[in-house]
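The values are calculated or read from the model by the stated rules, or taken from the named source; none is laboratory data. These figures come from a predicted structure and were not determined experimentally. Positions of Cβ are backbone-derived with ideal geometry, glycine not excepted, and every protein chain shown enters the neighbour counts.
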Amino acid sequence: MFSKEPNLNFPFPLFVTSIHMIVQFCLASLVLYLIPHLRPGYSVSRPRKGGRSSPSSPSSPSSPNKPSNYDEDVTLLEDNGSTNQVKKPLMTKRFYLTRITPCGLATGLDIGLGNMSLKFITLAFYTMCKSSSLAFVLIFAFIFHLEKPTLKLVSIITIMTAGVVMMVFGEVKFVWQGFALVMTASMLSGLRWSLTQLLLLRNPATGNPFSSIFFLAPVMFVGLLGTALSVEGFGNFSDGFNVLADKKGVFVSLGLIVFPGFVAFCMTASEFA
């Protein structure tokens, strides 16, 4: 779809990927609507005098019954029979801005820049370079203390990095723009998966794939759309779609742009699960 060589020659990967995020958001919303128990709910706490919960109460975040991998400010607290309880949304504005937004931006740019690199490099070269994302995953896992650095893991990173370097030197059609884009996407991929794991483990509002996509997709869409408007231009995208529609027809053209969003939704849900 994105390369200049035969086929579609529709070089607007950022706009197309942003549309995929809308599709994923709609599908995640549909799943949450049809399966109510997957929807994020409320945490329940007993406030102390003055409206704040007592740190010494059995239902406080310091309770031994609290799951160790949930954030203290959003933990689902136990109901001890008290009638003086306060409901608090599991997803707060602060959590959305400080946790969801960075993860969403990293995820959106990872996918968008990876797709954009296909304008310049072959799929085979893309796949080889993208394999370096595993090394970045380990590096960011060390940074966020998700993994403990060991000689074995460091050796794995070193070997994988050396392999990527040898693959790059062996590429006949080497294009710096494409290589820079795919390696940036690989780095963001490592950051993305570390942040995603923190979300899935530490907040019950993002404890399943569909609620995670529901909250992340809008951020991914906004980040990609802003980048697309500045890099590709809406006017160029509109003209390109008209050319594609003249060749393939409006419905086929829409299907080519929208259908991969369904595939991406299934893939992302599987990855998050």
Single residue of SER230, SER270, SER212 found to be hydroxyl-bearing (Ser, Thr, Tyr), at pLDDT below 90 and surrounded by fewer than 20 Cβ atoms within 10 Å (Cβ to Cβ): SER270
Just to be sure I understand, how many residues within the stretch 110-131 are aliphatic (A, V, I, L, M) and buried (at least 21 other Cβ atoms within 10 Å of the Cβ)? 4
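Could you say which residue among THR268, THR227 is of a type outside the set (D, E, K, R), more than 12 Å from the chain's Cα centre (by Cα) and within 30 Å of ILE157 (Cβ to Cβ)?
Just one listed residue meets the conditions, THR227.
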Total residues in the stretch 119-160, condition within 15 Å of SER189 (Cα to Cα) and polar (S, T, N, Q): 4
Regarding SER186, is this residue out of contact with any Lys or Arg (no Cβ under 7 Å at 6 or more places or on another chain) and either of a type in the set (Gly, Ala, Ser) or loosely packed, with under 13 Cβ neighbours inside 10 Å (or both)? no
Among the residues of the stretch 132-155, write down those that are loosely packed, with under 15 Cβ neighbours inside 10 Å and in contact with a helix residue (DSSP H, G or I) (Cβ under 7 Å, 6 or more places away or on another chain). PHE144, PRO149
Residues (under 18 Å from HIS20 (Cβ atoms), surrounded by 13 or more Cβ atoms within 10 Å (Cβ to Cβ) and out of contact with any Leu (no Cβ under 7 Å at 6 or more places or on another chain)) located in the stretch 236-255: PHE237, GLY240, PHE241, LEU254
Would it be correct to say that GLY240 is of a type outside the set (A, V, I, L, M, F, W, C), over 30 Å from ILE139 (Cβ atoms) and in the same structural domain as SER29 (by TED's automatic domain parsing)? yes
Extreme residue, nearest to ARG99 (Cα to Cα), among residues of the stretch 175-227 that are of a type in the set (A, V, I, L, M, F, W, C) and out of contact with any helix residue (DSSP H, G or I) (no Cβ under 7 Å at 6 or more places or on another chain): LEU198
Going through the stretch 135-190 in order, the residues found to be touching a residue at least 12 places away in the same chain (Cβ under 8 Å), part of a helix (DSSP H, G or I) and within 20 Å of LEU201 (Cβ to Cβ) are PHE136, VAL137, LEU138, ILE139, PHE140, ALA141, ILE143, LEU153, SER189, GLY190
